[in-house]
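Everything below concerns the one structure shown next.
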Amino acid sequence: MFRDLLGDYEAKGKVVQGVGRFIALGLDDPFHITTITGFTIYGIGKYIEKKRTNYGIRMAKLDIENIRKEIRESILDISTIRF
């Protein structure tokens with residue numbers, strides 16, 4: 001019950017997505033086999049993220065912190081604009 005309430009620390013499948021991104025964009029070959037393979041692995045990671053991630057208090061807290069950080073950065077950007 002507590003696991004459902006608290007949720008996960010990060011979305012599942014992030015490591016798989018990172019590996020897929022590295023293979024697709026980092027390893028480039030003339031036949032584009034690694035690009036296709038990398039994006040396939042990345043897609044599998046996105047599927048795992050959507051199906052298995054338990055969104056709870058932990059992830060909500062991280063999302064709120066990220067939104068506050070983005071708002072603060074946006075305000076600083078707006079305040080430095082000179083008209």
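The values are calculated or read from the model by the stated rules, or taken from the named source; none is laboratory data. This one's a predicted model, so the numbers in the text were calculated from it and none came from an experiment. Accessible surface is based on the protein model in full, side chains and every heavy atom, while ligands, DNA and RNA are left aside. Shrake-Rupley method; radii C 1.70, N 1.55, O 1.52, S 1.80 Å.
A value for percent of Cα pairs over 22 Å apart was derived from the coordinates, and within the list [x] 46; [y] 52; [z] 24 it appears as [y]. Entry note, the chain: relative contact order of 38 percent, from Cα contacts under 8 Å with a spacing of 6+ residues. For LYS12, a cut-off of 19 angstrom between C-alpha atoms picks up these aspartates and glutamates, skipping any fewer than 8 places away in its own chain: ASP4, GLU49, ASP63.
Think of a 1.4 Å ball rolled over the protein heavy atoms: region 6-83 then has 80 Å² of accessible area per residue.
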